[in-house]
Every structure is written in C-alpha cells, then in structure tokens.
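Colleague: Quick one: structure below, then a few questions.
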Amino acid sequence: MKKVILLISFCILSSCISKQENSNQIIEPAPASIFAGEIVDLTHEFSEETVYWVTAKEFELDVVAKGDTDKGFFYAANNFASAEHGGTHIDAPIHFAKNGQAVNEIPLKKLMGSAIKVDVTQKVIDHPDYLISIEDLTDWEKEQQQQIQEGSIVLLQTGFSKFYPDKKKYLGTDQRGDEAVAQLHFPGLSPEAAQWLVENRTIHAIGIDTPSIDYGQSEYFKSHVILLGEDIPAFENLTNLEQLPKANFNIIALPMKIKEGSGGPLRIVALIPN
C-alpha cells in the first residue's frame, strides 16, 4: 500500500470535543491547523480473498450493473454481504461484554487520536503462537522513555500481515468450520498484558495485525473479555504497521455504523507528521 503525501486541513485531535445530541455524536473541532505529513492506509481490501474467522460468513460481492446504459451514461452498482468480523474490522465492546457498547455507540474520541506501536516482529519469527507480554509493553516504555499516555491507541505489530491473504500461513489453516478452530495459529496479546493495560494505563483502543487480539489457540478469549469489558474496542487484521514509527502519530479508525452491531468493517488510517 502506497503512502500518500499531501497537505490537508486537520483539527488537532487531542483538542476535539465529542458530545451526544439527539443520539448522534457530533464533533466540534478546535480551530483547524494545517497538517503536513504522510497518510498510511492500515486497511486490507475487501474481496473474495478477504480473510474471515473460520466459522464466519465470507465476503460476497454481487454485481448488479456495470456498463453503458441505453441512455448514454455508464452505471455500476453492487450488493455485498459478509459477517461483521472479517478483514480489517472493529470488535465493539458488546462482542464480548453483555452490557458493552455496540459499534454505533462507541464514542468517536476512542476511534481517533494519538497512537503508539509496539513491535514484537522479531519474537514472533520462530513462535507463531507468541503471546505479547507485559514486558513487551514496559520495554516499549523504557525505549521511548515515557509511559503509554492516557487516551492512547495501542497498535501491536507482529509481522503477520505479510502472510495475508494466504489463509494457511495467516490463520494456520485453510480449512473452515468448527473443526478448523483447533487448527488456528497466530500471535496475540496475553491476558496478563491486557489486564495490566486495564489496571495501569488508560487507553482508548487497541489494534493488531492478526485475525484476533487473542492468539489462535485461545479457548476462552480472555484478552477480549478483559479489554472489551472495559469498553476498549479492538481493531483486527491491520496491515502496513511496519510503515509506522513507534510513537508520535495519530489514528483515525471509522467503522461502518451498524446499529446494535458487535463489530463491522473498518477503514483505519495513520497520520504521521513530518
């Protein structure tokens, strides 16, 4: 995915004010500033190649029309269908928390703002079931000489996106159905690290370049339960994280606004200042 370099008007994310009015979230931006930098797309395309959970409905595109009309203009339109959780998508808190927020209820301030990247790629090379640890998070803090700041969006880079969309390499199996769940192998965040984040750092959201915030062999999805139970949404199946610095960049992550949705397709981009 190419980086696009341009000059855009962008409100200072940390100064944006979110409020609820007539059930619609309204953003009142601070005075606009000129943002000069790079935009990195962290989103996989949706197509017949899109990777979905082995028990989920895969992406289908039905071409309704594509061609010249008898009235002299070109016209194209499609229908599409898929599960909420597949490709680059968001897990809303209600996905694993009975009283959690649905995707349409997540405050916008949790979906955009200052972000950091924790890179464990070297540790994953020989350990496809690697669990990102508390030490990985504290090592980032030691290297950067700062704590993970309140309100941060934390992105976890495992390097697994390089295998996408090869299901055998990315998921650990190209089989589908309930029997394929036991064959899943990919890295994730350890429950201990998830609990440490909840108890010690107030983050807005978390994301990873694998199919799940829990590792492939998880049976109880404890990291999901811990994070989503605290209304911390998760972004899954990210890409291009290797193009990001470890700190000092911003994220905009806007999902399809599905009423009562447990998740949905996500377009997520990173903004890197010059």
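The values are calculated or read from the model by the stated rules, or taken from the named source; none is laboratory data. A quick note: this is a predicted structure, and the numbers were derived from the prediction, not measured. Don't worry about glycine lacking a Cβ; one is built from the backbone with ideal geometry, like all the others, and counts go over all protein chains shown. In case anyone asks, the SASA skips ligands and DNA or RNA and just uses the protein heavy atoms, side chains included. Shrake-Rupley method; radii C 1.70, N 1.55, O 1.52, S 1.80 Å.
Colleague: Please verify whether LEU197 is under 25 Å from ASN104 (Cα atoms), open to solvent by less than 10 Å² (accessible area, probe 1.4 Å), of a type outside the set (Val, Ile, Thr) and in contact with a strand residue (DSSP E or B) (Cβ under 8 Å, 6 or more places away or on another chain), treating the condition exactly as stated.
Modeller: Working: under 25 Å from ASN104 (Cα atoms): yes; open to solvent by less than 10 Å² (accessible area, probe 1.4 Å): yes; of a type outside the set (Val, Ile, Thr): yes; in contact with a strand residue (DSSP E or B) (Cβ under 8 Å, 6 or more places away or on another chain): yes.
In short, yes.
Colleague: Tell me the residue from ASN99, ASN79 that is more than 30 Å from ILE148 (Cβ to Cβ) and open to solvent by 60 Å² or more (accessible area, probe 1.4 Å), please. Steps first, please.
Modeller: Values: ASN99 fails: more than 30 Å from ILE148 (Cβ to Cβ).
Checking each option against the conditions leaves just ASN79.
Colleague: Could you say which residue among ALA194, ALA180 is over 14 Å from THR88 (Cβ atoms), in a helix (DSSP H, G or I), small (Gly, Ala, Ser) and touching a residue at least 60 places away in the same chain (Cβ under 8 Å)?
Modeller: Values: ALA194 fails: touching a residue at least 60 places away in the same chain (Cβ under 8 Å).
The unique qualifying residue is ALA180.
Colleague: Pairs please, first residue from the stretch 261-274 and in a loop (DSSP other than H, G, I, E, B), second anywhere and open to solvent by less than 20 Å² (accessible area, probe 1.4 Å), Cβ atoms under 8 Å, 6+ apart in sequence or on different chains.
Modeller: Every condition considered, the pairs that remain are GLY261/ALA92; GLY261/ALA102; GLY261/VAL103; SER262/ASP91; SER262/ALA92; SER262/ALA102; SER262/VAL103; ASN274/GLY37.
Colleague: Next question, about the same structure. Within the stretch 256-274, can you find the residues that are in contact with a helix residue (DSSP H, G or I) (Cβ under 9 Å, 6 or more places away or on another chain) and not basic (Lys, Arg)? It would help to see each step written out before you state the result.
Modeller: The first filter runs over the stretch 256-274 and keeps only residues in contact with a helix residue (DSSP H, G or I) (Cβ under 9 Å, 6 or more places away or on another chain), leaving 256-264, 270-272.
Matches in the stretch 256-274: MET256, ILE258, GLU260, GLY261, SER262, GLY263, GLY264, ALA270, LEU271, ILE272.
Colleague: Residue under question is LYS257, and the condition is that it be touching a residue at least 40 places away in the same chain (Cβ under 8 Å) and either closer than 21 Å to LYS110 by Cβ or not in a loop (DSSP other than H, G, I, E, B) (or both); does it hold? Don't jump to the end; show me each part of the working.
Modeller: Values: touching a residue at least 40 places away in the same chain (Cβ under 8 Å): yes; either closer than 21 Å to LYS110 by Cβ or not in a loop (DSSP other than H, G, I, E, B) (or both): yes.
Yes: the conditions hold for LYS257.
Colleague: Here are ASP62, ASP41: which of them is modelled with pLDDT of 95 or more, surrounded by 11 or more Cβ atoms within 10 Å (Cβ to Cβ) and either touching a Phe, Trp or Tyr at 6+ places or on another chain (Cβ under 7 Å) or of a type outside the set (Lys, Arg) (or both)? Don't jump to the end; show me each part of the working.
Modeller: Working: ASP62 fails: surrounded by 11 or more Cβ atoms within 10 Å (Cβ to Cβ).
From the options ASP62, ASP41, the qualifying one is ASP41.
Colleague: Restricting the stretch 203-230 to residues that are open to solvent by less than 10 Å² (accessible area, probe 1.4 Å) and not in a loop (DSSP other than H, G, I, E, B), which is nearest to GLY172 (Cα to Cα)?
Modeller: Step by step, filter the stretch 203-230, then rank; the result is ILE208.
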